[in-house]
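Rule-based calculations on the coordinates, nothing more; no lab input. Small disclaimer: the values here were computed from a predicted structure and weren't measured. In this analysis, Cβ positions are derived from the backbone assuming ideal geometry, glycine residues included, and neighbour counts consider all displayed protein chains.
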Amino acid sequence: MISVDPTNTNPHPARTLVMGVVNVTPNSFSDGGMWADPEVAIRHARDLVAHGADIIDVGGESTRPGTERTPEDEELRRVLSVVEALVADGATVSVDTMRASVAEAVVEAGATIVNDVSGGKADPAILDVVADAGVDYVLMHWRGQSATMQDLIHYDNVVADVISETSQQVDAAIAAGIARERIIVDPGIGFSKTPEQNWQLVEAVDAFQDGFEDLRVLWGVSRKRFLGELLADNGQDRPALERDASTMALSTYLALHRAWCVRTHEVRANRDAMETVARLLA
């Protein structure tokens, strides 16, 4: 097994990293409610670490399409004790949040990555928090909140437009004081994009990564709706919990293209796949 330091800023490490997802929410699209109790979430996160996760990404607010915002105090209540326990274990912890106040609290608790699906647009003060803390910042391509994002799907050229819009977000983060090497970009698969546009972005993995050749790129495709549509039977999308094999296939494809990290709900099989690809590319 190849050990990779998740704090290293090399965009193309010896093995693609695996970020394990822990949704401490009642309404996430893939596993809503399964880990809503913080104590259960902590046990699940420890299982993911044992299965080979390099990073644990803890989220207290669902961003599934159509979802309304979670109150700030409730989001923090959900994630803080989970972060504290995992940091005490020595895990590398990321927190999925769009709020500056939540980011500030979890960084103080020891999280070393802020994963902001809005890329600084929902709460621009989050950029100042990250800059002051000097932690890593996942900046995702984003056009709007979950309740309305699927209305924002017009692109002249989805690949070129996503690269251009994400570049503008990167520039804003740097202008706020975040060191460029601390930025990790995410093309935002499933956010303000149709299923066909998601496929176009995945197929253009090299173009996207070349657009940010000095930055790390995180890909989040796990269990997403475009996979359920691909695997539909008699007009019914494949349920989210039954999309893991398809997720692993895409993780493998992305790793073959030297992705920095894949974000996934099921860790063991994806870590095995990343090890296998690393051997092939060695």
Using 17 Å as the cut-off for backbone N distance, which residues of region 204-233 belong to the label zone defined by a point 7 Å from the Cα of Asp161 along Cα→Cβ? 204, 208
As an exercise, use a Förster radius of 25 Å and the Cβ-Cβ distance of Met1 and Ala245 to find the FRET efficiency, rounded to the nearest 0.05. 0.70
Over the C-alpha atoms of the chain, what are the Rg and the largest Cα-to-Cα span, Dmax, in Å? 17.2, 52
Hey, can you rank 260-268, 230-238, 35-43 by average C-beta count inside 10 Å, highest first? 260-268, 35-43, 230-238
Describe numerically, in nm with one decimal, the distance between label points set 7 Å from Cα along Cα→Cβ at Asn234 and at Glu196. 2.8
Any chance you could check the Cα centroid distance between region 1-71 and region 167-204 for me, in angstrom? 19
What nm value, rounded to one decimal, do you get for the distance between Thr276 and Glu74 when each label is placed 7 Å out toward the C-beta? 4.1
Packing-wise, with mean Cβ within 10 Å as the measure, how do 144-156, 195-207, 269-281 rank, highest first? 269-281, 195-207, 144-156
When a/c is below 1.5 the answer is rounded, else prolate if a/b is larger than b/c, else oblate, so apply that to region 122-198 with a ≥ b ≥ c taken from the square roots of the Cα gyration tensor eigenvalues. prolate
